[in-house]
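Working notes, beginning with the structure itself.
The values are calculated or read from the model by the stated rules, or taken from the named source; none is laboratory data. Please read these numbers as outputs of a predicted model, since none were measured by experiment. Quick reminder, even Gly has a Cβ in these numbers, built from the backbone with ideal geometry, and neighbours come from all protein chains shown. Keep in mind that these areas ignore ligands, DNA and RNA; they rest on the heavy atoms of the full protein, side chains included. Shrake-Rupley method; radii C 1.70, N 1.55, O 1.52, S 1.80 Å.
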Amino acid sequence: MRIRNIPLVILIILQFINLSAQVKLIPNPKRIELYDSGFIIGGKTSIVGNTTDKFYISELKNCIKQELDINLKTVKTAKNNYIEFIKVSDPVEFVHILVENMLDAGFYTGPEGYILKITPETARIFSQTETGIFYGMQTLKQLITANREKNKIPCLVIYDSPDIPVRGWQDDISRGPIPTMDLLKEQIRTMSSFKLNYFTLYTEHVFKLQKHPGIAPDDGITKEELRELSKFAKKHHVKLIGNYQSFGHMEETLAHPDYSHLGENHHIISPAMEESYDFLGDVYGEIVPEYDGKYFNINCDETFGLGEGKSRDMVDSIGIPGVYIKHINRLNDLLKPYGKKILMWGDIVTSYPEIIPQLPHDITVMAWGYHAADSFDEAIIPIASRGLGFWIAPGINCWRNIYPNLQATEINIYNFIRDGYKHKAGGVLNTSWDDDGLNLFHNNWFGFAWGAENSWNAPSDLPQEESDKTRKYRYENFNKSFDALFFGLKGEESLTDQMADFSEIRRSGIDKVLTNNRFFEPIFPLYSKYLKEGKIEENLSVLNQLDIIRSNIKTILPKITKNIHIIENLLFAVKQVQFTINKNLFRIEINKLLNNRSMELIEKLKIKKGTLICELKNLKEEYIYLWNKENRSHWLSENRKHFNSLKSHLEKLGGYCMIDPANEVSREGRKIVISSVFNELPIHYSLEGSPVTPESPRYTAPFFIKKNVTIRARSFDNEVNFNAAEKKLLYHMGIGRLHKLNSTWSQYHPSYDGGGKHALLDGETGDKEQIRSGKWQGFSGQDIDIEIDLGKKKRIRSFSMGFFQNTRSWVIFPKQVEIYTKKRLKGKYKLNRILRGAIPPEEKNSLKKNYTTVFYDLKTRFVKIVARHYGKLPEWHHAGSEYDSMIFADEIILR
């Protein structure tokens, strides 16, 4: 990196980082003085025990035995070649000791800091606390692990202390995977070595309650396990934060028949029922005492739908903010007997800042956000500016992903901690989430270690461009340290480079290629986005990149000496994406077959189908193996269903029926073609939506319709039970009469094309509960502008156009729909009618509205419809008002 033209403040920071980079440590120390000599660890080296915790001595001995195959002795005194832990609680005496050892007595170690001095004769750790000694020992172990030449570690002086007192991490144990005790202890052991000091298990329903035994799964978390984990954590200077979701996100509890009556809706416990607080009191009575830390996280985030059920009268009376604050204070009352301080997520507080003065005075609110952004001030300032105690919660971007988004994680963690520290955050909680229940934890270590680096060494508040330069430089050095410390790599080999290259595949242009949804996505429907020109080359290019990454990982593998078991997860993720790419290419060939029937291609695709099924079977078996290494059996059966469903889809692919209505209407009506993928089996159909049986009419040739119909079709085979295909088709004068579509549909999800350019005139309407059915066409940040050519002047008696709204999902009804007409191609459109919406964006839930009108004397050839989108999201929207809203439509009906 070139140093010139960099501001002085950046230059100073980079010079410090460069000096620190000469030794590989996570997190980097605050100050380091390096010398040319070294301390040799040999058979005569001893540990001066004194009164130091025997656990520290045992940990250090184990490290040296593992790394150097040397058994150290513990002695009371030694003259040279020894390691010593020196804890002096008295501040005056501590200063005296530092001066005596020619150390900077002005360095403030605080409650967790330490000074490590290594000379050719001794390695000594100085601190005023046991925690400081423990962290000094972690640094010493890292010097032995990754910074030695044979048996010699560098002579140096390290002055170190954290910027942020609370440096935590969270494992989501309620959205699928419940980790084994071995994995939970591995987390504590590893994260404490990176100097994180708080750990919480995000808990919704998995704690095994004695008073309410039906809620948790059989292999949920028990009191005995929490006690064991607390004892283990305490040795590693990690405090467990109690955790129980106490408002929203209670789906699993409320789905139980014995507790469903407590629901405001399917996921919120109702604040209108005293029984809700009886239940939560029971829960707290069993869970809270098992945590000896001072914090308890009540969560209480994303309470969507509050006031739509039993609490409607309360909301009408005191408003959503009033109901929310009343609930928080009730929970605070329940927790008071246990002496706990409340933690909770900050999204509701940010939306309703007027409740802040009514919150418990000692509450801590967590500002959260998981995207890659230049600034997180918007999430922080509404909380920090009102004097609330707060933490910030960045995220390991793993949820719904085959492999974490390392690029987003890098920026999110760095910038969020930077902004949190700037506003005086009291803590950091680095989070992982398991939203779809498929996540494997071993892919998350890298992101958590990066969180540890920045929690200990909070990034400086610099102008954005300078901050980005510093981040990139720090990240580069961090990666080298992670290679050395976590994988034991020496020299130039870098596994983190391969991890980054793999994560970067998500930017290849292939839509969401590293997501679980794409991996499990069936072949049909054949979205146009997947079939565009150039997609074959794009997929083959990515396949080649994956082969290179996989080959590089296998080349590096023999040189890895630590955490080798993690590599299985990385290689498995690569194989998953390779499968997704092969499925993409197979889909493109299926589309080619449908447009050009060929026996040769059919036989070729049958072989490829068999190969995909075999690959999927192997991937399923490997996933189960990896799951069982990390987790208890709970939820594995749910994840097996994803594999089984895709396997069934592939096995039945040959008999998959397609009902294809023509885009144009002739004098005979609308032509309907029914086919199956390989066209080898008889197809039967019905036109009235009735079940299809072998006695139903057999399809032999295209037919025409001139009315509304529900067509069902099904292939029949003696050995395979195929599913029926169905299309509900309206018949009206606008079918296929598209002249121009002057808007561009959203590329966010392939189903948002609605079926292509004819989607708004194809006779198919959407269901408000199935926004991704492929029948809705979605547009972001723009109006819908479409022109219809009826072929000649015709009388129009009615108009209807359907729209969808779910404001939480950013989709809002149009402000108005304008109808223009003209009689000739070269004529000018004249405004005929304006239809204004009557449902505001504040209306909750998923809604469908048809904008309709009748005409008494309209005869025209061309019709232009403009649906005006809402604009930016409302000020009160949970995502913020800087984003464009979307507009979704299903069908323009002219009669």
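Side notes on the structure shown:
- Any chance Lys617 is part of a helix (DSSP H, G or I), open to solvent by 30 Å² or more (accessible area, probe 1.4 Å), under 30 Å from Lys490 (Cα atoms) and at pLDDT 95 or above: no
- Among residues of segment 373-394 being without any contact (Cβ under 8 Å) to a residue 40 or more places away in the chain and not in a loop (DSSP other than H, G, I, E, B), the one that is farthest from Asp501 (Cα to Cα) is Gly389.
- Glu67 acidic (Asp, Glu) and assigned to a strand (DSSP E or B): no
- Residue match in segment 398-420 (condition: touching a Ser or Thr at 6+ places or on another chain (Cβ under 6 Å), free of Cβ contacts under 8 Å to residues at least 60 places away in the same chain, open to solvent by 10 Å² or more (accessible area, probe 1.4 Å) and not hydrophobic (A, V, I, L, M, F, W, C)): no
- Filter result for Arg772 (out of contact with any strand residue (DSSP E or B) (no Cβ under 8 Å at 6 or more places or on another chain) and open to solvent by 20 Å² or more (accessible area, probe 1.4 Å)): yes
- Residues of segment 222-237 classified as open to solvent by less than 10 Å² (accessible area, probe 1.4 Å) and touching a strand residue (DSSP E or B) at 6+ places or on another chain (Cβ under 9 Å), total: 3
- The numbered conditions (1) modelled with pLDDT of 95 or more; (2) of a type in the set (D, E, K, R); (3) out of contact with any Ser or Thr (no Cβ under 7 Å at 6 or more places or on another chain) are all true for Arg518 except (3).
- Any hit, segment 425-437, residues being closer than 19 Å to Arg175 by Cα, open to solvent by 10 Å² or more (accessible area, probe 1.4 Å), part of a loop (DSSP other than H, G, I, E, B) and in contact with a helix residue (DSSP H, G or I) (Cβ under 7 Å, 6 or more places away or on another chain): yes
Here is a yes/no grid of residues against (1) touching a residue at least 40 places away in the same chain (Cβ under 8 Å); (2) buried (at least 20 other Cβ atoms within 10 Å of the Cβ); (3) small (Gly, Ala, Ser); (4) closer than 22 Å to Phe524 by Cα:
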{"site": "Thr710", "(1), (2), (3), (4)": "no, no, no, yes"}
{"site": "Asp717", "(1), (2), (3), (4)": "yes, no, no, yes"}
{"site": "Tyr731", "(1), (2), (3), (4)": "yes, no, no, no"}
{"site": "Gly736", "(1), (2), (3), (4)": "yes, no, yes, no"}
{"site": "Leu741", "(1), (2), (3), (4)": "yes, no, no, no"}
{"site": "Gln747", "(1), (2), (3), (4)": "yes, no, no, yes"}
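- Matching entry among Glu688, Glu680, Glu630, Glu651 (being surrounded by 16 or more Cβ atoms within 10 Å (Cβ to Cβ) and among the acidic types (Asp, Glu)): Glu630
- Listed by first and then second residue, the pairs linking a residue in segment 845-872 that is within 18 Å of Ser809 (Cα to Cα) to a residue that is of a type in the set (Ser, Thr, Tyr) and part of a strand (DSSP E or B), with Cβ atoms under 9 Å apart and 6 or more places separating them unless they lie on different chains, are His869/Ser780.
- Under the condition of being open to solvent by less than 20 Å² (accessible area, probe 1.4 Å) and under 40 Å from the mean Cα position of the chain (by Cα), the residues counted in segment 46-82 number 5.
This table checks each residue for (1) of a type outside the set (S, T, N, Q); (2) more than 26 Å from Ile396 (Cα to Cα); (3) touching a residue at least 12 places away in the same chain (Cβ under 8 Å).
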residue: Lys150; (1), (2), (3): yes, yes, no
residue: Ile164; (1), (2), (3): yes, no, yes
residue: Asp182; (1), (2), (3): yes, no, no
residue: Ser193; (1), (2), (3): no, no, yes
residue: Gln210; (1), (2), (3): no, yes, yes
residue: Pro213; (1), (2), (3): yes, yes, no
residue: Thr222; (1), (2), (3): no, yes, yes
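- Criterion (part of a helix (DSSP H, G or I) and polar (S, T, N, Q)) met by exactly one of Gln170, Gln142: Gln142
- Within segment 350-383, the residues that satisfy the criterion of being under 15 Å from Ile411 (Cβ atoms) and in contact with a Gly (Cβ under 7 Å, 6 or more places away or on another chain) are Tyr370, Phe376, Ala379.
- Set side by side, the residues Tyr108, Tyr135 differ, and just one is in a loop (DSSP other than H, G, I, E, B) and of a type in the set (Phe, Trp, Tyr), which is Tyr108.
- Segment 224-271, residues that are touching a residue at least 24 places away in the same chain (Cβ under 8 Å), over 27 Å from Glu630 (Cβ atoms) and of a type in the set (S, T, N, Q): Ser246, Asn265, Ser270
- Out of Tyr829, Tyr883, sole residue that is within 30 Å of Pro353 (Cα to Cα) and among the hydroxyl-bearing types (Ser, Thr, Tyr): Tyr883
- Tabulated pairs, segment 601-614, first surrounded by 15 or more Cβ atoms within 10 Å (Cβ to Cβ), second not small (Gly, Ala, Ser) and not in a helix (DSSP H, G or I), C-beta under 6 angstrom, 6+ apart or interchain: Ile602/Phe678
- For segment 506-540, filtered to residues that are part of a loop (DSSP other than H, G, I, E, B) and among the aliphatic types (A, V, I, L, M), the residue that is most open to solvent (accessible area, probe 1.4 Å) is Leu526.
- Considering (1) under 18 Å from Ile47 (Cα atoms); (2) touching a helix residue (DSSP H, G or I) at 6+ places or on another chain (Cβ under 7 Å); (3) not in a strand (DSSP E or B), the lone condition that Phe85 does not fulfil carries the number (3).
- Test: Phe643 is modelled with pLDDT under 95, among the hydrophobic types (A, V, I, L, M, F, W, C) and buried (at least 17 other Cβ atoms within 10 Å of the Cβ): no
- Flag for Ser494 being open to solvent by 10 Å² or more (accessible area, probe 1.4 Å), of a type in the set (Gly, Ala, Ser) and modelled with pLDDT of 95 or more: yes
- Filtered residues of segment 829-884 (kept if exposed (fewer than 14 other Cβ atoms within 10 Å of the Cβ), closer than 30 Å to Lys793 by Cα and in contact with a Lys or Arg (Cβ under 6 Å, 6 or more places away or on another chain)): Lys859
- Candidate set: segment 332-372, residues that are without any contact (Cβ under 8 Å) to a residue 60 or more places away in the chain, in contact with a Phe, Trp or Tyr (Cβ under 8 Å, 6 or more places away or on another chain) and under 25 Å from Ser881 (Cβ atoms); chosen: the one most open to solvent (accessible area, probe 1.4 Å): Tyr352
- Checked against (1) part of a loop (DSSP other than H, G, I, E, B); (2) surrounded by fewer than 19 Cβ atoms within 10 Å (Cβ to Cβ), Thr190 passes all but condition (1).
- Unique residue being crowded, with 16+ Cβ neighbours inside 10 Å, in contact with a strand residue (DSSP E or B) (Cβ under 9 Å, 6 or more places away or on another chain), modelled with pLDDT of 95 or more and not aromatic (Phe, Trp, Tyr) when the list is Asp783, Asp789: Asp783
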